Every structure is written in C-alpha cells, then in structure tokens.
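> One structure coming up, written as structure tokens, with questions to follow.
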Amino acid sequence: MSDAAISLDTLCKVYKGGKQALTDVTLDIPRGQIFGLLGPNGAGKSTTINILAGLVTKTSGKASIWGFDIDEHPRNAKRSIGIVPQEIVFDPFFSPYEVLELYAGLYGVPKAQRRSMELLRAVYLEDKAHAYARSLSGGMKRRLLVAKALVHNPPVLVLDEPTAGVDVELRQQLWEYVRELNAGGTTVVLTTHYLEEAEQLCDRIAIINHGRVVANQPTRELLAMAQEKAVSVTVDRDVADLPQARCFEKIALKGPRELVVTYSKDKVNAGEVLAALQSAGLGIVDVSTQEADLEDVFLNLTRAPAAA
Ligand code: ADP
Ligand code: MG
C-alpha cells in the first residue's frame with residue numbers, strides 16, 4: 001500500500017477507436033503538497049484525472065488514492081478524493097445550496113456534519129446560495145464545483161484546469177482558497193496551462209506530453225533545468241552599439257547603461273559573458289542573474305515529437 005496521496009503505476013489508456021491517451025504513466029503524488037500536472041492540450045491530463053474520478057476506465061496499470069486501489073477499494077478511493085472536472089455540468093434547476101446538500105447526501109455525510117453554507121462562503125457564493133444554478137456566471141459555476149468537490153471533506157482535491165473561463169480577480173481568490181486548504185492539510189492536485197501559476201503555487205510539478213510523463217520534480221529543480229539563463233549587467237558608460245560575441249544567445253538594451261545578455265548555461269558561464277563585454281570596452285558596474293521561468297523548461301521538454 002502506497003503512502004502517496006495518489007499513486008499511478010504503469011497506467012495506460014487506449015480509447016475506443018484506438019487513440020492511445022496514456023502510456024505507462026507512473027507517478028507518485030506526495031501527501032500534503034500542491035502538485036501541478038502540466039502539459040499541452042491533448043497530453044492526457046484529463047484522461048488521468050477522469051480515471052481517478054471513475055469516469056474513464058483505464059486499459060491497464062494501477063491507480064490508488066490515499067492508499068486505496070481504485071479497483072480493490074473503489075468506495076474508499078472515491079471517498080478520499082474530490083474532483084473538479086474540466087467541463088462544467090450542472091442541473092440548472094438546483095440552487096447552489098441544494099447542489100451541496102444533494103452531494104453531501106450522496107456521500108452519506110450526516111446532516112449535522114454538513115458544511116454547505118460554510119463552503120459557499122469560502123468560495124464567495126453565499127449570496128447566491130438560493131439562486132438557480134443556471135443564473136450563475138461561468139466563474140461562479142466553477143467555484144460551486146470546487147465547493148461540491150469538498151462536501152465529503154476529502155484529503156485530496158483535484159482541480160482540472162480550474163481557471164479556464166475564470167477572470168483574473170476570481171482566479172486570485174480561488175488560488176488563495178487553494179492555499180488555505182493546503183495549509184489546513186488538504187493535498188491539492190491541479191492541471192493548468194498557466195505555467196506561471198503552476199510555478200507560483202506548486203511544490204512539485206509533473207509534465208506530461210503525448211501521454212507520457214516527461215518530468216516530475218520539485219518546482220525549484222525543474223526551473224533549474226532551463227538551459228537559457230540571463231544576466232543583467234550595468235556598465236560604466238552609455239551603450240551606443242550593442243556588442244556582439246559568440247557566447248551571447250541574445251543581447252538587449254534595457255536602459256542606456258543596462259544590458260541583458262541571454263546565454264546557454266550548458267555552453268558558457270556568466271564569467272565568459274562578462275569577459276566578452278569587457279573586451280568590447282565596457283566596464284562592469286553591477287551584475288545580476290535572472291532565473292529562467294518554467295515556460296522555457298516546459299517548451300524544451302514538450303518540443304519532442306510523439307513517439308511512433
Ligand atoms: P488534456 O486534458 O491533457 O488536454 P485529454 O486527456 O483530454 O488531454 O486527451 C488526451 C488524448 O485523448 C487526446 O488526443 C484526446 O483527443 C483523446 N481523447 C480524450 N477523450 C477521448 C475520448 N472520449 N475518446 C477518444 N479520444 C479521446
Ligand atoms: Mg484536459
């Protein structure tokens with residue numbers, strides 16, 4: 001039995017019609033983290049999550065949630081996870097409050113332990129508690145889905161592209177709530193296209209591409225994998241012409257005396273870059289390096305074509 005929050009072992013999915021969506025996905029998602037599952041469209045993120053949700057049947061391999069194998073202990077596995085699906089589906093005739101009560105009932109949560117109003121307050125829907133679900137905006141519906149996923153107080157919350165169609169301000173509120181939940185002990189798994197969000201939120205990130213896991217690392221390590229590095233240099237005079245050198249990938253002027261040089265850190269180091277500037281006649285006053293962002297890593301790892 002795995003002590004991971006979610007454990008996937010050589011998971012494969014071939015859809016009817018022959019599309020192989022997942023190939024040997026092996027992944028342990030540690031308890032207590034905010035974990036990001038990143039990948040371009042069609043990578044297999046939703047397929048993975050829908051297998052955990054019991055909405056898609058896997059072709060082979062194993063999956064367990066909070067130590068419960070989804071085949072051997074499906075009820076316990078289901079009770080351990082709350083899933084916010086990518087697609088919004090609702091019965092338009094229920095109010096948000098009724099939706100939460102209904103789901104709490106389906107999970108067998110006793111009336112005294114239900115937290116419907118508390119959950120609605122947490123997702124800023126208290127004033128819509130008794131409105132028709134069909135009168136809610138897209139962002140409100142998504143927040144209601146988050147509340148719905150939490151009615152049975154699961155130790156793992158999974159959000160599949162939660163910010164699709166959610167405006168910036170609400171997105172911030174949603175992330176704040178996700179952080180709060182995590183601080184309270186909930187393991188959070190999210191898929192997103194917003195790399196900078198994964199970068200800010202996630203302790204650990206796995207990247208999936210064409211149904212295969214191509215990276216699975218602490219966010220910090222993943223960032224360090226980016227090969228492009230930039231150094232920002234303040235020089236002792238105004239720069240009229242940009243100096244050129246073979247070790248520069250790119251050079252740009254940020255201010256009259258500030259240059260940003262991008263270089264490939266697997267080929268050269270910052271010392272060589274600075275030496276090249278000096279030999280172009282520039283005196284160096286100040287230097288700072290910039291970390292590459294996740295986008296660089298992501299693009300590098302997902303540039304590889306699909307395996308035949
Ligand atoms: P993601 O969520 O990363 O965008 P998906 O898991 O939705 O990716 O899809 C992975 C691949 O499986 C895609 O090529 C997609 O077209 C295909 N796919 C998804 N759902 C189905 C389905 N019900 N039937 C056939 N192919 C599907
Ligand atoms: Mg998806």
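The values are calculated or read from the model by the stated rules, or taken from the named source; none is laboratory data. These numbers come from a predicted model, not from an experiment. We place every Cβ from the backbone using ideal geometry, glycine too, and count neighbours over all the protein chains shown. For accessibility, only protein heavy atoms count, side chains too; no ligands or nucleic acids. Shrake-Rupley method; radii C 1.70, N 1.55, O 1.52, S 1.80 Å.
> Could you list all residues from the stretch 43-102 that are aliphatic (A, V, I, L, M), open to solvent by 30 Å² or more (accessible area, probe 1.4 Å) and assigned to a helix (DSSP H, G or I)?
Scanning the stretch 43-102 gives a single hit, Leu102.
> With over 27 Å from Glu176 (Cβ atoms), away from ligand 2 (no atom under 16 Å from the Cβ) and not assigned by TED's automatic domain parsing to the domain that holds Gly185 as the only criterion, which of Gly108, Gly61, Gly139 stands out? Talk me through it step by step, then tell me what you get.
Values: Gly61 fails: not assigned by TED's automatic domain parsing to the domain that holds Gly185; Gly139 fails: over 27 Å from Glu176 (Cβ atoms).
Criteria check complete, one pass: Gly108.
> Going by the conditions given, is Thr26 within 21 Å of Pro218 (Cβ to Cβ) and more than 16 Å from ligand 2 (Cβ to nearest atom)? Break it down stepwise before answering.
Numbers: within 21 Å of Pro218 (Cβ to Cβ): yes; more than 16 Å from ligand 2 (Cβ to nearest atom): yes.
So Thr26 passes the test.
> Looking at Ala164, Ala147, can you tell me which residue is within 10 Å of Pro96 (Cα to Cα) and among the small types (Gly, Ala, Ser)? Walk me through how you get there before you give the answer.
Working: Ala164 fails: within 10 Å of Pro96 (Cα to Cα).
Ala147 is the lone residue from the list that is within 10 Å of Pro96 (Cα to Cα) and among the small types (Gly, Ala, Ser).
> Name the single residue, out of those in the stretch 33-58 being closer than 16 Å to Cys12 by Cβ and within 11 Å of ligand 2 (Cβ to nearest atom), that is modelled with the lowest pLDDT.
Filtering the stretch 33-58 down to residues closer than 16 Å to Cys12 by Cβ leaves 43-52, 56-58.
Okay, now just the ones that are also within 11 Å of ligand 2 (Cβ to nearest atom), so 43-50.
Working: Ala43: 92, Gly44: 95, Lys45: 95, Ser46: 95, Thr47: 96, Thr48: 97, Ile49: 96, Asn50: 95.
The extreme case among them is Ala43.
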